Amino acid sequence: MDVVEIDGLNLAFRRAGNGPAVVFVHGGAEDGRTWTPQLDALADEFTVIAWDEPGAGGSSDVPDGFGLSDYGDCLAGLIRALDVSPCTVAGISWGVTVILELYRRHPGVVRNLVLADGYAGWRGSLGAEEADARLAGLRGQPEGSFDPTLPNLFAGAPPAEFVPLMEAMSADVRRHSMLTALTAMAHADLTDVLGTIRVPTQLVWGALDARSPLSVAHEFERLIPGADLAVIPGCGHVSNLEAPQAFNDILRFFLRRT
């Protein structure tokens, strides 16, 4: 793991491989380790980079007042500091919300987009009532009780090979930082950004995603000009871990043709 300082924060990241750059953006209550199957598989052909967002993994804690725009600015700063701009940016769940903010504020650093099982913010994709209910549920969890599998995260039981990884990430979750990120997600509505996207965009969704249902995917497909939607059968919200081979095949095909 390497570290770069951006806007006074130390941002940790994993980097492997050579070739066109792909920057991976993890979901809430995760860190860059969640992309292990993608980094392992794609480093043979691409430079693969997975950041730990501020407040996650090996990165600095989020300062008071940190918001969605700050996540976007830090991600842009990382991309520029690593001299990989413009690059493909790939994200899942909350990571998609961060990427949309990145694109809104810094479109020049983005060459292509891969948006998986995500949201234009909870408020934007699910509505105010559901967004507020999800945030209230997270705030109501006792300290140290975070469940890394969350309700309906997978279509079935969590993949056994990745349970230790998820438990390790869960053990490192910092409650304040997690709530900062997910509060930003609950309040965000970036629907207006979708129609402004002018780069090749691959959407990847689990067919059985109960957290961000296929209706959200179809809304992204409708609003993002030229977006292509790939649906993975029998798969839930964390498609990159539940169906890594299918996920990686979709990414590789998209990256080769763009």
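Provide a single number: the residues in region 226-258 that are among the hydroxyl-bearing types (Ser, Thr, Tyr) and part of a helix (DSSP H, G or I).
To start, the set of residues in region 226-258 that are among the hydroxyl-bearing types (Ser, Thr, Tyr) comprises 239, 258.
Pick out the ones that are also part of a helix (DSSP H, G or I) and you get 239.
Of the residues in region 226-258, 1 are among the hydroxyl-bearing types (Ser, Thr, Tyr) and part of a helix (DSSP H, G or I).
May I ask you to verify whether residue 127 is more than 24 Å from residue 5 (Cα to Cα), without any contact (Cβ under 8 Å) to a residue 12 or more places away in the chain and not aromatic (Phe, Trp, Tyr)?
So residue 127 fits the description; yes.
Of the set (1) open to solvent by 10 Å² or more (accessible area, probe 1.4 Å); (2) closer than 23 Å to residue 213 by Cβ, all apply to residue 119 but (1). Go through region 46-105 and give me each residue that's in contact (Cβ under 8 Å) with a residue 60 or more places away in the chain, among the polar types (S, T, N, Q) and touching an Asp or Glu at 6+ places or on another chain (Cβ under 9 Å). Answer for region 46-105, where residues must be in contact (Cβ under 8 Å) with a residue 60 or more places away in the chain, among the polar types (S, T, N, Q) and touching an Asp or Glu at 6+ places or on another chain (Cβ under 9 Å): just 93.
Taking the numbered list (1) open to solvent by less than 10 Å² (accessible area, probe 1.4 Å); (2) more than 20 Å from residue 252 (Cα to Cα) in turn, residue 60 passes all entries but (1).
Which residues, taken from region 164-184, are under 13 Å from residue 30 (Cβ atoms) and part of a helix (DSSP H, G or I)? Can you show your working first?
Applying the first criterion (under 13 Å from residue 30 (Cβ atoms)) to region 164-184 yields 165-174, 177-178, 181-182.
Result: 165, 166, 167, 168, 169, 170, 171, 177, 178, 181, 182.
Restricting 131, 120, 90, 116 to residues that are farther than 18 Å from residue 189 by Cα and hydrophobic (A, V, I, L, M, F, W, C) narrows the list to 90. Of all the residues in region 39-53, those that are buried (at least 24 other Cβ atoms within 10 Å of the Cβ) and either touching a Cys at 6+ places or on another chain (Cβ under 6 Å) or not in a loop (DSSP other than H, G, I, E, B) (or both) number 4.
With respect to the conditions (1) more than 21 Å from residue 159 (Cα to Cα); (2) touching a helix residue (DSSP H, G or I) at 6+ places or on another chain (Cβ under 6 Å); (3) surrounded by 21 or more Cβ atoms within 10 Å (Cβ to Cβ), residue 217 lacks only one, and its number is (2). Taking the stated definitions as given, is residue 199 open to solvent by less than 40 Å² (accessible area, probe 1.4 Å) and in a loop (DSSP other than H, G, I, E, B)? Judged against the criteria, residue 199 is a match.
Matching residues to (1) farther than 18 Å from residue 244 by Cβ; (2) of a type in the set (Lys, Arg):
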| position | (1), (2) |
| --- | --- |
| 23 | yes, no |
| 28 | yes, no |
| 35 | no, no |
| 51 | yes, no |
| 63 | yes, no |
| 74 | yes, no |
| 86 | yes, no |
| 93 | no, no |
| 105 | yes, yes |
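Residues in region 178-189 that are buried (at least 20 other Cβ atoms within 10 Å of the Cβ) and farther than 16 Å from residue 140 by Cβ: 5 in all.
Among all residues of region 132-140, there is none that is at pLDDT 95 or above and not in a helix (DSSP H, G or I). Can you tell me which residue is least open to solvent (accessible area, probe 1.4 Å) among those in region 75-92 that are out of contact with any helix residue (DSSP H, G or I) (no Cβ under 9 Å at 6 or more places or on another chain) and not in a loop (DSSP other than H, G, I, E, B)? Step by step, filter region 75-92, then rank; the result is 78.
The values are calculated or read from the model by the stated rules, or taken from the named source; none is laboratory data. Since we're looking at a predicted model, the values are computed, not measured. Quick reminder, even Gly has a Cβ in these numbers, built from the backbone with ideal geometry, and neighbours come from all protein chains shown. Side chains are part of the model used for accessible areas, which takes the heavy atoms of the whole protein and leaves out ligands, DNA and RNA. Shrake-Rupley method; radii C 1.70, N 1.55, O 1.52, S 1.80 Å.
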